[in-house]
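Below you'll find the structure, written out as structure tokens, and then a few comments.
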Amino acid sequence: MLHKNLSVNSAGHLEFAGVDTTEIAKEYGTPAYLVDENLVLENFSTYQKAMKEYMGEGSMPLFASKALSYTGIYRLISELNGCIDIVSPGELYTAVNAGFDMSRAFFHGSNKTDADIAFGLKENVGYFVVDNVFELEEISKQASALGKTQKILLRVTPGIDPHTHAKINTGKVDSKFGAPIETGIAEKLFCKVLETPNVQLEGFHSHIGSQIFETEPFSDAARIMLEFIAMLHEKYQFETNYLNLGGGFGVRYTEDDPVIDYAERIKKLSGEIREHCEDFGIKQPNILMEPGRSIVAAAGLTIYEIGSTKEIEGFKNYASIDGGMTDNPRYALYQSPYTCVLANRMNDECDFVCTIAGRCCESGDLIQENVAIPKPTRGDILAVLVTGAYNYSMASNYNRVPRPPIIAIRDGKPRVAVRRETYADLCALDA
């Protein structure tokens with residue numbers, strides 16, 4: 001199977017995290033997101049151990065909340081005494097609601113409002129990742145009024161193109177994020193920080209993109225960042241405590257994707273970072289990374305019920321489900337590949353090639369095209385694999401469709417972690 005938490009039982013049903021997915025469909029209904037909490041903990045722990053071993057005691061992962069944010073996920077990261085990356089006041093609020101230690105939070109965002117900054121300062125966020133001079137000045141102003149000094153990282157763009165999808169590429173020189181090194185803007189922002197009161201610069205942040213399977217783009221970005229850090233040390237005698245290389249390691253969505261050993265990737269990258277530091281004659285800073293997708297993607301799965309099939313002879317076939325782009329917009333946005341199976345008929349011949357169509361009044365509401373599954377009938381259960389990242393977090397109420405629940409599974413026991421939205425919820429904010 002695609003990942004180790006997937007199997008087929010004696011009834012020919014798909015099991016996920018040791019639980020029959022068809023039984024979950026019966027008990028909790030469809031559509032529903034499933035989250036394997038044991039795998040979330042295992043994946044995050046892999047990063048923690050590898051980074052500490054190969055990159056040094058002070059190096060660590062920050063869970064990228066944007067991949068999957070709900071109260072329970074922060075409680076899982078807390079169990080491992082982990083850190084988090086948050087990108088909005090909503091993620092901040094959710095972490096606070098979970099009782100997360102906010103001194104272990106790094107607050108990102110390319111356009112933090114005054115209210116966002118006030119909220120972060122009020123909740124004692126450990127680090128702000130500063131994107132621009134306007135944000136820097138506002139943090140300084142508000143921190144001064146509170147009589148505190150706020151730790152910050154500066155977000156800079158290294159000018160790397162990792163050849164991933166354009167919409168998830170974040171490191172090019174013309175990115176909306178951060179200050180580019182190549183144009184000199186990053187150095188000017190650094191100099192501005194040196195004269196700005198009530199902020200303490202701890203280091204630098206970069207992010208080059210997502211769904212990257214090789215270490216070379218990360219190594220290239222690290223070299224550019226470390227060369228920048230070396231220049232600042234020589235020119236301004238500045239000691240960098242943290243270098244954040246962002247997230248982006250790829251995830252296996254289909255059999256065509258490579259299998260990644262994340263610990264080995266971290267080991268290889270750490271050796272290249274050491275070489276770069278030796279080349280530039282600087283002390284290696286503590287390394288931070290922001291895994292999100294690689295922590296939760298394979299720990300997730302979505303189940304749907306088939307409502308109908310449609311065969312257009314000479315053209316294409318459709319299988320329609322009771323969810324769609326409202327719970328997983330990634331195919332509509334990026335044409336993202338997924339593996340789809342009939343969970344209740346895993347041993348049947350996959351002789352029906354079709355497009356998996358959602359229920360929305362939208363031609364682009366598709367989950368996947370050219371999928372080979374057994375010819376479905378009404379009531380069959382379709383499972384879409386590896387949906388733990390950027391599905392729930394990107395879900396919407398388009399067509400006034402309620403969002404599905406999250407059913408968390410731990411040690412083979414499922415429970416509701418986020419309840420299913422009701423029609424009443426859809427009107428709860430209406431005046």
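Some observations on this one:
- Label-to-label distance, nm, for residues given as Glu234 and Asn111 (7 Å Cα→Cβ offset): 3.9 nm
- Dipole check for segment 224-296: with +1 at the C-beta of Lys and Arg, -1 at the C-beta of Asp and Glu, and the Cα centre as origin, the magnitude is about 220 Debye.
- Net charge of neighbours whose Cβ lies under 11 Å from the Cβ of Leu201, counting Lys and Arg as +1 and Asp and Glu as -1: 0
- Surface accessible to a 1.4 Å probe, Asp36 within the full protein complex, Å²: 10 Å²
- For the chain, built as a Gaussian network whose Cα springs stay under 10 Å, the top-fluctuating residue of Asp101, Asp257, Asp327: Asp257
- Given the alternatives [x] 1.04; [y] 0.96; [z] 1.11, Cα Rg over 2.2 N^0.38 Å as computed for this entry is given by [x].
- Under a model in which nothing but the beta-carbon of Lys, Arg (+1) and Asp, Glu (-1) is charged, segment 51-133 shows a dipole of about 100 debye around its Cα centre.
- As a length-normalised measure over Cα pairs under 8 Å and 6 or more apart, the relative contact order of the chain settles at 19 percent.
- Cα-projected label distance for Val353 with Asn124, points at 7 Å along beta-carbon direction, nm: 6.1 nm
- Separation of the Ser103 and Glu79 label points, Cα + 7 Å toward Cβ, nm: 2.4 nm
- The slack in the chain from Tyr93 to Asn370, taken as 0.36 nm per residue of separation less the alpha-carbon distance, amounts to 95.7 nm.
- Listed residue (Asn397, Pro374, Val384) projecting farthest to the positive dipole end of segment 336-400, Cβ model: Asn397
- Rounded, prolate or oblate (a/c below 1.5 giving rounded, otherwise prolate when a/b exceeds b/c) for segment 1-75 by Cα gyration tensor: oblate
- Dipole magnitude of the chain, debye to nearest 20 (Cβ charges: Lys/Arg +1, Asp/Glu -1, about Cα centre): 760 debye
- Looking at segment 194-230, the GluC sites (Glu not before Pro) that sit in a DSSP loop and have at most 11 other Cβ atoms within 10 Å of their own Cβ are Glu195.
- Helix 37-55 and the longest principal axis of the Cα set of the chain meet at an angle near 30°.
- Here the chain exposes an accessible surface that is 48 percent carbon and sulfur, computed with a 1.4 Å probe and the other protein chains kept in place.
- Cα long-axis angle, helix 185-194 against the chain (0 to 90 degrees, to the nearest 10): 60 degrees
- Relative to one another, the C-alpha centroids of segment 323-340 and segment 1-73 are positioned 19 Å apart.
- Estimated from helical segments only, the mean residue ellipticity of the chain at 222 nm is -9500 deg cm²/dmol, where each DSSP H run of four or more residues counts as -39500 (n - 2.57).
- A 1.4 Å probe run over the protein chains yields, for the chain, 43 Å² of accessible area per residue, whole-number rounding.
- Taking the DSSP bridge list for segment 1-123 and keeping only pairs wholly inside it, about 45 percent are antiparallel.
The values are calculated or read from the model by the stated rules, or taken from the named source; none is laboratory data. Note that the structure is a prediction, hence the values are computed from the model and not measured. Neighbour counts are summed over all protein chains in view; Cβ atoms, including those assigned to glycine, are modelled from backbone coordinates with ideal geometry. What goes into the accessible areas is simple: the full protein's heavy atoms, side chains included, and nothing from ligands, DNA or RNA. Shrake-Rupley method; radii C 1.70, N 1.55, O 1.52, S 1.80 Å.
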